[in-house]
1. Measure up K550/K639; K550/K837; K541/K855; K449/K747; K457/K639 against 29 Å on the Cα-Cα distance and list the ones that go over.
2. Using a simple spin-label model with points 7 Å from Cα along the Cα→Cβ vector, what separation in nm is obtained for W537 and L98?
3. Tell me, what is the FRET efficiency for L313 and L73 to the nearest 0.05, using R0 = 35 angstrom and their Cβ-Cβ distance as r?
4. Once phi is turned into ³J(HN,Hα) by the Karplus curve 6.51 cos²θ - 1.76 cosθ + 1.60 with θ = phi - 60°, what whole-Hz value does each residue of segment 238-245 show in order, with x for glycine and proline?
5. Please list, in chain and number order, the residues 5+ apart from D247 or on another chain whose amide H is under 5 Å from its amide H, with Hs placed from the backbone.
6. Calculated FRET efficiency, F706 and A683, Cβ-Cβ r, R0 30 Å, to nearest 0.05?
7. Take C542, C743 and order them by how many other Cβ atoms sit within 10 Å, fewest up front.
8. Under 1.5 on a/c is rounded, so check that first for segment 281-336, then, if it is not, pick prolate when a/b is larger than b/c and oblate when it is not; a ≥ b ≥ c are the square roots of the alpha carbon gyration tensor eigenvalues.
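Just so it is clear, none of the values below were taken in a lab; they were calculated from the coordinates. Here the structure is a predicted model, which means the values were calculated and not measured. No Cβ is skipped: glycine too gets one built from the backbone with ideal geometry, and neighbour counts run over all protein chains shown.
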Amino acid sequence: MAVAGNLSTLTEELDSLRFKSLQRRVEDHLKFNSYPRTDQFAVANQLDGLQEKFQVLNRDELADTLRTRLTELEVHRDPWLPEVLSLFLQLADRPAQLSKIDRIEIFQPKSDAEPLSWTDLDVSGSAYCEEDIWEPVDFGAESSEDDFSSVSSDSFQSRSPQDDSTALDGEYVIPDDVFSSVEDEEALVKSIESAQFWRDENYHGISREGVSSRVLTELQVVRETIFMLQGLPTSLFWVLDGGIEVDRRYALKHLSNESLSSILRSLSSVGSQIDVLRRFIKTPQTISYVQTFHRGIEKHLQGFDLFLSNQQLDYLSNCPTTSVSILQLSDDVRRESRLLLLLAHLVADVQRKDVPVKSVRCLDSLYDMVCMTQATGDDNEFMHLAKLLFSCFETYARPIRTWMETGRLEDSTEDGFFILDNHNENDLRTLWHGWYTLDSASRLLNAPKFIRPVARKVFITGKSAVFLRQLNVTTGMDHPRKTSLLAFEDVFPADSSSTCLSFSALLETAFGRIVDESHSFTSTLLRKALGQQCGLWSSLKCLEHVYLCKDMSVFETIDYKIFDLIDRGRGTWSDRFLLTELAQSSLSALPFVDPSRLIVRSSPDKISRSTTRSKSVTMLQTISFDYILPWPVANIINKDAILGYQRISTFLMQIRRARHMIVKQRLQYSDPSDRNRDDKSNALSYGLRHNMLWYLNTLYSHMTDFVISTSSNSLRKSLSAASDVDAMIAVHRAYMSSLEDQCLLSKNLYPLHRATITLLDLCVSFADLQSMRHGTHKRDPTKILYTHSNSQINSAQADSYLSDDEDDEDEVYDSDDADANAPDEFLHDTHYVDRLKDIKDQFNRLVAFMVAGLKGVGRVDGQLSWEILAEKLEWRKEWASN
């Protein structure tokens, strides 16, 4: 039992020691290993889930392919396989959508591939004949697990340390046969010196026509020519003042000096022009599209240099068997350098000092050259130059594309872009007219010539995008995007015969079509937003009711209040607060009018004091209605248009004021017995009243029922058919101009408007005369009738009363307060009849003047409404003659 107990104790101690050792090793491994192993079971679960995902998405072919590949990997089991598969899973990008079976099949080995043999590598069998690769390898050499195995062969020892990444610098010994032997060094130097034909001791001179020349071989001349074309220094050609000259001391045995000089001068001319391009690509450029032009020239120069290198390689490798010809080289160089010579001419033209510097001159010159090469039939050069033009234009057009799609100007906009950012304040009402400007005076002239015809449409498209951005309307969701604004394939599709057409026409058509599509898309969105979101149509209805009095049942209350306050002589008739409250309460009955946007403004300084005393209709210019439009609509209907609306509104109110005064005077006698006292005066006064009402009703109905109604209907149709906001603004501007012309408010119709105002004042004076005749007023009627400064009815009697006391002039008489039974002794019958006759004569004279004036301007400008109004006013011609 004691022995068993001792064994148990010893065993426990052994287990304890082994456990501690294993624990320490595990802790060290976990502590110092910063890259733990990948969980292979998690990777397997992810791969199974990926297969199930493929099957759910009906991609069974991907699931089967993945399962097959995993089965093949099981044969080649590797401890790092889970890490590799985990890396592939992390790099995967939407495998269910982007994976294709044909891509996987590319990596499959071809079943019919034939095994590679030594004869395929070396047909002659002499590649490794001088090396001991077939000698038995000494496997007994010293080696260790930490060092790489080496093979004792001359081929291995001949490699440099840079060629073998596993070799150690300290262990490599440079073999002796790398260096030239001492006895061969002198011969090598002599052979190099003998090849330097420019040395005096190495040339063989010949004498032709008394001139000594140094004889060269044709291979030397060809080599010097290639060096010259590559931009390298040579002895046969000299660089002098930016050009290349030929050294005439050298000659060929089998060629005359004149012939050789002619060939070399021709080649030096090519080299001089190519040197222009080489100097150009060494100059740093700051403008982006010029940098693209710079890279295009550099690319073509590289192609030419590759051609020269291939020519030189061909001469060097096949020199004993291939004949060397300077004439053949000259023909090849001319053929390969045709494009470079065109580009050199273009660069020289761009860099001319006698021409004003324009940043886009390279684009214009390149465009002209493309058109020229197409016209001359140089198809190869035409295609290369056209592609270079499109690559430069793509860089130039990036700000144009950004502007048309997003309405933003790049911070580093270069010269040649023709849109200026002018907005320094956030007044959205001036967004369309003031924030951005098309600089047609300077920058547009510096733009490429094929862009100028559509520059304005580009400008409008970008402004529409800015407008939509301010309205929070997205423009990029449905808009088709392309990698470039205008590509070569857009002008010359591969499957069409459009190459026979003019390049300029094709380019302008293609670019115009792209701009038209973007312009149509953005403008359509903006027009829909203006109509549906911004209330354009409801705003037009508001303007018609506020300014053009479309509904007189609403405006009648405002008129009656204003006219009544004027007749009572109340100074508060022009109180803007009172009138604003009155207008808002009256127009609030219309559902589409926002009363909070309506304000009545008053400007007493507009009318003189004498005009106010005489109750002239011009006193109504003191007040004006102002309806504040939403800012999107205010960009279309600007302040100038609102002023036009206000002028028309004032003119219509003046007509209503005169009609109100005539209708108010009913011409009733205070005493029925007096009705037969003077039949002649009664007939005359009734005739005047009738004809004045006829004139006022005819004029007002013509302005509202014919002019305003017809023009407003045409406006809605034209706005609906407008292509963009600029067209909508032009339509509304034309509408306002036509409306003011037909309402006799334009500057060229000022005499007719002045005659109309005089007629309206005459109607007011007649109403005051009737009030004096049948009222209790003790005021002479001449003081009431003829105080208007521009009236054509002033008389000698009226002038004698203009110097009366100011208090007497300030008296205001209200016909409503007159005593109906008051005697009329204060206005004698004779004087009353004279005044009626005077008013009748002036009324007939003014109407006749208006008829003649309307017919005259109608014949000149062709406005149909003027002739119609003239015919309406001629209807009472017979009464005027009586």
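1. Details: K550/K639 21 Å; K550/K837 37 Å; K541/K855 33 Å; K449/K747 40 Å; K457/K639 25 Å.
Flagged as over cut-off: K550/K837; K541/K855; K449/K747.
2. Calculated label separation equals 4.8 nm.
3. Values: r = 47 Å, r/R0 = 1.35.
My answer for the efficiency is 0.15.
4. Along segment 238-245, the couplings run 10, 9, 9, 6, x, x, 10, 10 Hz.
5. Long-range HN contacts for D247: F237, W238.
6. 0.40
7. Values: C542 21, C743 24.
Exposure proxy ranking, most exposed first: C542, C743.
8. Prolate, since a/c reaches 1.5 and a/b exceeds b/c.
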